[in-house]
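The values are calculated or read from the model by the stated rules, or taken from the named source; none is laboratory data. Keep in mind that this is a model prediction, so the values were computed, not measured. Cβ coordinates were reconstructed from backbone atoms using ideal geometry, including for glycine residues, and neighbour counts include every protein chain displayed.
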Amino acid sequence: MRALALVLFLTPALAAADMDTPSRVEAVTVFRTGARVTRVAQVEVPAGDGRVLLAGLPDGLDDDSLRVAGHGTARVQTHGVTIERVTGERAAAAEARAAEARLEQLQDEDRALDDRAKAAAARVKFVESLRSTYSDERARNLAVRPVSAKEWAELVAFVDRTLAAAASDAREATVARRDLARRFEAARADVERLSAKRGLTRKRVAVEIAAEQAGHLALSVSYTVASAGWQPIWEARLASRESKVELAFHGSVWQRTGEDWKDVKLAVSTAAPARGLFVPVLETRWLDRSAPLRREVAAASAPRAVPEAVRSKASPGAEGAEGEEGEEAAGADQELVAEEAQASVEEGLLAASFTAPRRESVDGAGQARKIMLTRFSLDAELTRTAAPRLDRAAFLTAKLANGTGFPILAGTAGVYVGDQFVGRAPLPFTPAGGEVKLAFGADDRVEIDRRVLERKHDTAGLVNKDDVWSYRVRIGVKSRWAEPVKLTLLDLVPVARDATIHVDVLDGSTKPTREDPERPGVRAWDLELGPREERVVELRYRVSAPRGEVLAGLE
C-alpha cells in the first residue's frame, strides 16, 4: 500500500481510457453556511493513461474547492482534473417516477369515486322523479284501474331500497375521498420533494491519471457546497436543589444540494467560512471647517416597543415533589435507563467541530435533521428578580459561567425546571469563560406587594412658587420557601433632564444595594430572605418644578 498525495492542476490531458466509476458520499462537515463533502470511489486501474469519471455531482459545488487524494496498490500519477457540466440530462430517478405514478393512480381513484358519487346522486334524482310521475299518473287513472295496496307497498319498498343504496354509495364515496385526499397530499409532497433533486444540470469530475502499474485505487474527492448549513438548538434544564443547569446541545442540519447524504460520517463546525478573511484597516479621518447648516427640528424617535413578558406559572417546587416520588420508588426493581449518545468534540484554534456518534442521513431537498451533539452540566447562581412596578412576580434566574471550553452559540433554548417545560427563551452567544443569564419563569412562592402610600401635590416658595409632588412607595416581600432564597428587587425614581426640575430622595428610604449605571434612576436591593421571612422596602422622593409646568414621565 502506498499513500499518494495528489496535487491537482486544471489543465486537461488526453486520456486513453475512460473509467465510469460509482461513488458515494462518505463524510460531510457542515458549517453555519455551507458544507464540505467528501466522496469516495473504488476503482481497478489498468496500466497506462486513463480518466476516472465521477458523475452525478451537484451543480452547486465550488469548482475551485475541489481536492483529490487517493491510495492503493496501483502506482499512479495524476495529471489534473476536469469539471464538466452535464446539461440536458434529466436525472429522473426511479423513486421520482414511482412517486409520479402513485400520484396519477390516486388521481384516477379520485375521479372514479367522484363518478360513483355522481351516479348515486343521479339515481336519487331519477327515483324521485319516477315516484312523482308514477303517483300523478296513478292518481289520474284510479277510475280506470285502481291500485292495490300490494302495488303501493311494492312501489314504496322499491323507492326506499333505491334511495338507501344510493345514500350508502354516496357516504362510502365521501369517506373514501376524504382518506384519499390525505394520501394525495402525501404523494404530492413526495413529488415536490423529489422534484428538487431532478435538476437539469449536474457535474462530472474527470481525474486524469497515468498508471505505471495496474492495481486498486481508493479515490477521495472533496468539495464545498453553499446550499447547506446548520443551526444550534438548546435545552436548558434547571436542577434547583443542586444549583446546576444542564445544557443539551443539538444541531439541526439541512441541505438543498439535490443529492441525499445517506449513511455518512457527519460533523458540524462552529467555523464560518462565509464571514471572509480580512484584517480591518482604519483610514485617517480629517476634520475641516464647513459652512453652517440650517438647524432643523428632528422628530423624536419613538421608543422601541418592548414585547409583553409572558409569565410562566411553573413553580420550581415541582421538581422537589418529583424527586420525593423517585426516592419512594427506589426500593423497586432497578431498571436500566437508556443512555443518550453524544458527539465527539474536537477543539481547534478558532472553532470547534462536533462529529455525530453514528452515521447519519440528511435529505437533499431541505428537510432538516436534528442530531444530538453534547450535554454538559454548569454551576448556577440562582436568584429571583422582581420589578413590581411592571409585574409583581419574582422571576427565577440562573447565572452560568461558560466552562465548556468552546463558545455557546446563539440560538433558542427550550427551558425546563426539572422535567417540567416552562417555555422557550433566546440564548445569546457566550464565549468560553463568559457568563450567561437564563430565566426559568415566575416563582409563586415569593410574594411581592407594591403600594403607593402617598401621592401629594403642594406648592412651595416665597417669591417664585414651585409645584411639588411627594411620593411614598412601600414594597412588601414575603417568602414562602422553607429555605433561604435570594431576591433582587428593582424600582426607580424619575430622573430630570431639565435644570429647572429637581428630584430629591427623602429620608426614610431604604438604602439600595446599588444603582444601575446604564439606566439612571433604577435602584436595586439585593435581599437574602430567610425561611418564610417578610421584608419591607420603602422609597420616598420629591419632585419640584416651576409652577404651571406640565411634566412628562411623572407617573
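Quick look at the numbers
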item: Members of segment 142-173 found to be at pLDDT 60 or above and exposed (fewer than 11 other Cβ atoms within 10 Å of the Cβ), listed by number; result: Pro146, Ser148, Ala149, Lys150, Ala153, Ala157, Ala164
item: Looking only at segment 32-51, and only at residues there that are modelled with pLDDT of 90 or more and aliphatic (A, V, I, L, M), the one that is surrounded by the fewest Cβ atoms within 10 Å (Cβ to Cβ); result: Val40
item: Residue pairs meeting the criteria (Cβ under 6 Å; at least 6 apart or on separate chains; first free of Cβ contacts under 8 Å to residues at least 40 places away in the same chain, in segment 436-451; second of a type in the set (S, T, N, Q) and buried (at least 17 other Cβ atoms within 10 Å of the Cβ)); result: Val436/Thr430
item: Test: residue in segment 503-511 that is closer than 23 Å to Leu390 by Cβ, surrounded by 12 or more Cβ atoms within 10 Å (Cβ to Cβ) and of a type in the set (S, T, N, Q); result: yes
item: Pairs where the first residue, in segment 470-494, is touching a residue at least 24 places away in the same chain (Cβ under 8 Å) and the second is part of a loop (DSSP other than H, G, I, E, B) and buried (at least 17 other Cβ atoms within 10 Å of the Cβ), C-beta under 8 Å, 6+ apart; result: Ile475/Pro388; Ser479/Arg445; Arg480/Arg445; Trp481/Arg445; Leu489/Pro388; Asp491/Pro388
item: Members of segment 513-555 that are surrounded by 13 or more Cβ atoms within 10 Å (Cβ to Cβ), part of a strand (DSSP E or B) and among the basic types (Lys, Arg); result: Arg523, Arg535, Arg540, Arg542
item: Subset of segment 485-513 [in contact with a Phe, Trp or Tyr (Cβ under 7 Å, 6 or more places away or on another chain) and among the charged types (D, E, K, R)]; result: Asp504
item: Residue selected from segment 477-494 under the condition hydrophobic (A, V, I, L, M, F, W, C) and over 14 Å from Ala524 (Cβ atoms), by the criterion farthest from the chain's Cα centre (by Cα); result: Ala482
item: Strands (runs of 3 or more DSSP E) (entirely within segment 311-386) containing at least 2 residues that are more than 30 Å from Gly433 (Cβ to Cβ) and at pLDDT 50 or above; result: 360-362
item: Residues satisfying the stated conditions in segment 7-31, i.e. at pLDDT below 50 and surrounded by fewer than 19 Cβ atoms within 10 Å (Cβ to Cβ); result: Val7, Leu8, Phe9, Leu10, Thr11, Pro12, Ala13, Leu14
item: Scope segment 469-502; condition of a type in the set (A, V, I, L, M, F, W, C) and exposed (fewer than 15 other Cβ atoms within 10 Å of the Cβ); matching residues; result: Ala482, Val495, Ala499
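Rundown of residues vs (1) touching a Gly at 6+ places or on another chain (Cβ under 6 Å); (2) more than 30 Å from Pro232 (Cβ to Cβ); (3) at pLDDT 90 or above; (4) not in a strand (DSSP E or B), yes/no style:
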| residue | (1), (2), (3), (4) |
| --- | --- |
| Ala432 | yes, no, no, yes |
| Phe440 | no, no, no, no |
| Arg450 | no, yes, yes, no |
| Val477 | no, yes, yes, no |
| Glu483 | no, yes, yes, yes |
| Leu487 | no, yes, yes, no |
| Asp491 | no, yes, yes, no |
